[in-house]
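Accompanying notes for the structure given below.
The values are calculated or read from the model by the stated rules, or taken from the named source; none is laboratory data. Since this is a predicted model, take the numbers as computed values, not measurements. As a convention, Cβ positions derive from the backbone with ideal geometry for all residues, glycine included, and neighbour counts pool all protein chains shown. To get the accessible areas, we keep the full protein, side chains included, count just its heavy atoms, and leave off ligands, DNA and RNA. Shrake-Rupley method; radii C 1.70, N 1.55, O 1.52, S 1.80 Å.
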Amino acid sequence: MSRINKNVILALLTLTSSAFLLFQLYYYKHYLSAKNGAGLSKSKGSRIGFDGTQWRTVKKFIMLTSSQNVPVFLIDPLILELINKNFEQVKNASHGSASECKYFCVPRDFTAFALQYHLWKNEESWFRIAENMGFQCLKFESKDPRLDGIDSLSGTEIPLHYICTLASHAVHLVVFHERSGNYLWHGHLRLKGHIDRKFVPFRKLQFGRYPGAFDRPELQQVTIDGLEVLIPKDPMHFLEEIPHSRFIECRYKEARAFFQQYLDDNTVEAMAFRKSAKELMQLAAKTLKKLGVRFWLSSGTCLGWYRQCGIIPYSKDVDLGIFIQDYKSDIISAFQDAGLPLKHKFGKVEDSLELSFQGKDDVKLDIFFFYEETDYMWNGGTQAKTGKKFKYLFPKFTLCWTEFVDMKVRVPCETIEYIEANYGKTWKVPVRTWDWKRSPHNVQPNGVWPISEWDEVIQLY
Amino acid sequence: MAKRVFDTYSPHEDEAMVLFLNMVAPGRVLICTVKDEGSFHLKDTAKALLRSLGSQAGPALGWRDTWAFVGRKGGPVLGEKHSKSPALSSWGDPVLLKTDVPLSSAEEAECHWADTELNRRRHRFCSKVEGYGSVCSCKDPTPIEFSPDPLPDNKVFNVPVAVIAGNRPNYLYRMLRSLLSAQGVSPQMITVFIDGYYEEPMDVVALFGLRGIQHTPISIKNARVSQHYKASLTATFNLFPEAKFAVVLEEDLDIAVDFFSFLSQSIHLLEEDDSLYCISAWNDQGYEHTAEDPALLYRVETMPGLGWVLRKSLYKEELEPKWPTPEKLWDWDMWMRMPEQRRGRECIIPDISRSYHFGIVGLNMNGYFHEAYFKKHKFNTVPGVQLRNVDSLKKEAYEVEVHRLLSEAEVLDHSKNPCEDSFLPDTEGHTYVAFIRMEKDDDFTTWTQLAKCLHIWDLDVRGNHRGLWRLFRKRNHFLVVGVPASPYSMKKPPSITPIFLEPPPKEEGAPGAAEQT
């Protein structure tokens with residue numbers, strides 16, 4: 001009897017203590033939040049949450065930036081999401097009508113702001129003043145990538161990020177720089193040797209893991225939680241850009257090395273081709289952007305970007321890639337309207353689709369549609385006179401932004417794998433004669449179209 | 001620290017040396033020596049200065065003597081050795097000088113200016129560099145920040161300014177001072193591009209708190225300059241991708257106080273008129289005796305450079321893609337003036353230049369060249385000039401204006417010698433016209449002779465607009481029309497015979513006499 005009793009008593013005791021612990025935990029949480037609210041409600045009426053460190057740090061940061069004429073705008077994804085959900089309310093809210101801290105008090109590690117660098121007049125003294133206000137700031141700088149063109153220039157470093165903490169909350173100020181191609185670029189936040197890894201939870205930063213590119217946002221001023229901030233006029237668009245904003249630079253150093261070995265072609269024909277190809281690319285980019293269709297540089301155009309940061313003069317056409325799931329039926333008519341008539345259409349949406357449009361001065365625009373398999377991608381080719389089908393295999397890839405001939409365009413992030421799949425390991429060596437049926441490294445015969453389908457899958461104009 | 005070379009074998013270099021030595025802070029250790037020959041143009045002022053430094057051999061320096069000197073600015077001589085050359089055809093024996101230099105503590109040597117951002121910059125500069133005079137003066141440091149009057153309705157406040165520089169830091173210093181004092185300047189739009197990893201020019205740039213970028217030099221001689229221009233212009237448009245224009249300046253120019261005002265009033269022409277190639281602040285023919293009206297503008301078929309505005313579309317679409325490659329030893333500005341590049345377009349220039357070229361030392365410069373063609377160039381010092389009738393500089397409107405001028409102009413007596421002052425009556429403010437012989441579009445024989453005798457630019461043909469030149473003589477507006485090549489030839493009265501000036505005979509001898517038919 002006593003044994004059973006002992007076990008029962010042990011079990012009961014454990015249960016009671018756990019229950020008591022749980023109760024304490026629950027009550028403590030409740031007690032804390034009540035304390036915040038209660039404390040404030042005694043002195044400032046019913047403004048819940050405005051006493052939190054996060055709100056106060058953000059308020060002080062906004063005070064600092066507005067007094068120093070630093071035109072920051074809010075880019076914090078968490079807060080922008082909330083704003084987006086209640087957009088009508090936010091737009092129509094008047095100053096000081098907030099009764100509850102709904103946005104800036106959301107639990108998070110950082111509050112992210114952005115700044116367009118060319119709008120910043122007084123950089124020298126800002127740092128010092130921030131520190132005087134109680135902020136502890138870290139500055140991240142690097143070489144200006146805009147100086148890293150074909151010529152070898154070096155200047156003073158440009159600021160990329162500021163991380164300022166005050167009372168255990170951190171503000172992340174992302175410095176945007178404007179670049180040719182009408183976009184804003186921010187840099188990679190690199191932790192150099194001497195930086196204290198525990199200064200803030202760097203891993204939780206929403207921006208700075210990679211360099212990023214964004215469309216220049218129009219801004220509007222709103223009042224949120226009693227604070228006046230600038231936000232993007234279209235927060236939805238900005239939020240959608242974030243996961244797809246990764247940017248990679250063109251490899252100028254390697255391009256210079258390439259031109260040391262293989263002198264650049266500066267004949268009149270080469271320059272004329274480059275000019276026409278650039279114009280064609282701009283027109284194509286504009287048209288596809290209007291349709292909302294993603295594309296990237298493919299084949300010879302991608303090789304030109306990767307190998308020499310320019311257009312290969314003997315490449316004869318402009319090659320772009322589009323995922324087949326992004327295909328829209330009005331692509332052909334949109335290009336027609338833009339002055340680029342359809343030259344040929346091969347394949348069909350279900351299989352090996354390929355479009356070719358005629359540009360000025362005999363330059364063609366080839367669009368290859370990419371199909372996704374379990375562990376590889378492929379695009380198709382068709383030989384018009386025989387109906388033979390070809391398949392070009394690529395390892396799976398994601399898309400990154402880059403700058404090419406004064407434009408912001410996409411390329412495969414995993415570029416070297418993409419290039420080597422297409423051109424083999426000897427891609428560095430210029431090859432002037434190219435047979436699309438045999439020369440590519442990744443070409444595979446893929447059967448032949450049944451004659452009954454030829455009318456549909458082989459259309460020449 | 002500073003290192004300077006003064007070629008006192010050649011004229012005027014000793015003046016530069018005196019200037020420099022006067023600018024060295026007192027107490028600095030001076031080390032001087034002679035390379036090859038340093039006495040030929042070492043004149044009295046320089047010798048007196050050396051004497052005041054305590055040198056005995058310096059003031060008595062002779063032909064091809066060798067000399068070494070260590071002393072202190074304002075203090076005692078620390079050591080000196082001298083060796084006279086035994087004969088005209090040989091040099092003095094080598095001298096070897098060893099001295100001990102007593103050092104002073106850093107606190108004694110440094111100045112104690114108020115702790116401001118500007119003075120911090122000043123401190124960094126003065127602890128590294130020498131020869132900038134009162135910038136580093138303890139008691140009365142010269143200001144390094146300028147607050148020129150703001151320019152109302154400034155249309156060029158966001159136009160990037162590229163200063164193309166090499167390794168002439170004292171020139172750069174002078175140029176930046178005048179640039180930062182110009183009304184309407186936007187310091188954050190200025191970028192100084194230095195052709196090489198030279199420290200002192202970068203120090204000067206940092207002193208003024210401006211942006212400096214160094215360029216790895218490519219190629220040699222004029223090709224190096226041309227590659228530097230290309231890299232600088234491309235970088236300028238990369239750093240300011242929204243800009244539609246860029247102002248291009250050089251390190252050896254004084255900038256007029258109304259330089260940006262001039263551009264602000266005229267930049268819309270470059271935007272609206274496709275027949276324009278550039279706007280330049282420099283009038284090739286604008287000398288003290290041939291330029292008069294600060295509110296007057298001309299259209300000319302040349303690209304003067306020397307402070308000009310480049311249209312981004314012209315650079316990106318036409319010039320950059322075919323810029324001369326590094327192995328082509330061409331002058332960038334001669335290349336830009338070629339018909340393949342200019343394609344019949346013109347530049348707008350002011351009658352009185354808004355820049356002054358003060359560089360004496362350079363790749364294409366020397367003392368004689370400067371004296372002959374640049375020293376007496378007229379430079380505007382009047383602030384806030386309102387340009388007159390700017391829209392009459394557009395293509396068709398300019399023709400209307402020229403025709404009006406020619407109709408009003410009094411025809412001069414063509415029997416007189418056009419080179420003489422008496423060719424024009426002793427009036428002021430009148431407009432006169434003279435007709436010279438110009439057989440074809442490229443026949444500049446008479447014009448070149450006229451330019452020579454009037455002491456204006458005659459090395460090639462500048463300043464013409466469809467066979468018409470405009471300048472001032474004795475404060476009258478003087479028009480010169482080339483007949484029959486110029487379309488304005490029809491304004492010539494039938495009784496007048498165009499003046500013909502024959503070039504001198506090819507053999508070196510007496511200068512050719514002006515011949516008239």
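Give, in nm to one decimal, the length gained when the segment between B:N389 and B:F369 is fully stretched (0.36 nm per residue of separation minus the Cα-Cα distance).
3.7 nm
Have a look at the stretch B:224-239 and report residues whose accessible surface goes down by 40 Å² or more when the remaining protein chains are included, against the chain on its own, probe 1.4 Å, ligands and DNA/RNA excluded.
Buried by 40 Å² or more upon assembly, which counts only protein chains, are B:N238, B:L239.
Per q in 0.11, 0.12, 0.16, 0.17 1/Å, what log10 I(q)/I(0) does a Debye calculation on the alpha-carbon atoms of the stretch A:252-460 return?
Here log10 of I(q) over I(0) equals -0.51, -0.61, -1.13, -1.29.
If the convex hull of the alpha-carbon atoms of the protein assembly as shown is projected onto planes in all directions, what is the mean projected area in square nanometres?
64.7
Please compute how much accessible surface disappears when A pairs with B, both sides summed, using a 1.4 Å probe, and round it to the nearest 100 Å².
Summing both chains' loss of accessible area gives about 1900 Å².
Kindly work out what percent of the DSSP beta bridges joining two residues of the protein assembly as shown are antiparallel, to the nearest 5.
Roughly 70 percent of the beta bridges in the protein assembly as shown run antiparallel, per DSSP.
Can you work out the FRET efficiency for the pair B:D460 and A:R209, with r the C-beta to C-beta distance and R0 = 60 Å, to the nearest 0.05?
0.55
Above 44 Å lies some portion of the pair distances; for chain B, what is it as a whole percent of all C-alpha pairs?
26
With a ≥ b ≥ c taken as the square roots of the eigenvalues of the C-alpha gyration tensor of the stretch B:13-106, please select rounded if a/c is under 1.5 and otherwise prolate if a/b is larger than b/c or oblate if it is not?
Since a/c reaches 1.5 but b/c is at least a/b, the shape of the stretch B:13-106 is classed as oblate.
Taking a point 7 angstrom from the Cα of B:L103 along the C-beta vector, which residues in the stretch B:115-152 have backbone N less than 20 Å away?
Output list for this probe position: B:124-130.
How large is the dipole of the stretch A:52-244 about the Cα centre if only Lys and Arg carry +1 and Asp and Glu carry -1, each at its Cβ, rounded to the nearest 20 debye?
Its charge dipole is roughly 580 debye.
Compute the length gained on full extension between B:T116 and B:M334: take 0.36 nm times their separation in residues and subtract their Cα-Cα distance, giving the result in nm to one decimal.
My answer for the length gained is 73.9 nm.
Given R₀ = 51 Å, what would the calculated FRET efficiency be for B:E199 paired with A:E100, taking r from the Cβ atoms and rounding to 0.05?
Once rounded, the FRET efficiency stands at 0.30.
From the gyration tensor of the Cα coordinates in the stretch A:52-244, what semi-axes in whole Å does the equivalent ellipsoid have, largest first, with each one equal to sqrt(5λ)?
So the three semi-axes of the stretch A:52-244 are 27, 20, 16 Å.
At B:T381 and A:S66, where each label point lies 7 Å from the Cα along Cα→Cβ, what is the point-to-point distance in nanometres?
So the two model labels end up 4.9 nm from each other.
Computing the accessible area with a 1.4 Å probe over protein heavy atoms, can you report the carbon and sulfur percentage for the stretch B:394-491?
Its accessible area is 49 percent carbon and sulfur atoms.
Give the relative contact order (percent, whole number) for the stretch B:13-106; include only Cα pairs under 8 Å separated by 6+ residues.
26
Calculate the tail of P(r) for the stretch B:104-145: the fraction of all Cα-Cα distances greater than 13 Å, expressed in %.
Above the 13 Å cut-off, the stretch B:104-145 has 51 percent of its Cα pairs.
Choose one of B:L310, B:C136, B:W282: the residue whose Cα lies farthest towards the positive end of the charge dipole of chain B (beta-carbon charges +1 Lys, Arg; -1 Asp, Glu; about the Cα centre).
Projecting each Cα onto the dipole axis, the largest value belongs to B:C136.
With a 1.4 Å probe and all protein chains left in place, how much of the accessible area of the stretch B:13-106 comes from carbon and sulfur atoms, in whole percent?
Its accessible area is 59 percent carbon and sulfur atoms.
Once the piece of chain linking B:E242 and B:L96 is laid out straight, how much longer is it, given 0.36 nm per residue of separation minus the C-alpha distance between them?
Here the answer is 46.6 nm.
Can you tell me the Rg and Dmax of chain A, counting just the alpha carbons, in angstroms?
29.0, 106
Suppose R0 equals 30 Å. What FRET efficiency, 1/(1 + (r/R0)^6) with r the Cβ-Cβ distance, do A:L263 and A:A338 give to the nearest 0.05?
For A:L263 and A:A338, the calculated efficiency is 0.25.
Can you pick out the pairs among A:K286/A:K360; B:K395/B:K474; B:K35/B:K139; A:K121/B:K244; A:K198/A:K253 whose Cα atoms lie more than 26 Å from each other?
Those over the limit are B:K395/B:K474; B:K35/B:K139; A:K198/A:K253.
What nm distance separates the two modelled labels at B:A87 and B:S422, each placed 7 Å from Cα along Cα→Cβ?
5.7
Give the percent of DSSP beta bridges with both residues in the stretch B:394-491 that are antiparallel, rounded to the nearest 5.
Bridges in the stretch B:394-491 that DSSP calls antiparallel: roughly 40 percent.
How high is the relative contact order of chain B, in percent, with contacts defined as C-alpha pairs under 8 Å that are six or more residues apart?
In percent, rounded to a whole number, it is 10.
What percent antiparallel are the DSSP beta bridges of the stretch A:52-244, to the nearest 5?
Percentage antiparallel, nearest 5: 80.
Taking 8 Å as the Cα distance limit and 6 or more residues as the minimum spacing, I'd like the relative contact order of chain A as a percentage.
Relative contact order comes out at 11 percent.
Could you state the principal axis extents of the C-alpha atoms in the stretch B:161-391, from the largest down, to the nearest angstrom?
Result, largest extent first: 44, 37, 35 Å.
Express the accessible area of the stretch B:371-414 per residue in Å², computed with a 1.4 Å probe while the remaining protein chains stay in the model.
Value returned for the stretch B:371-414: 58 Å² of accessible area per residue.
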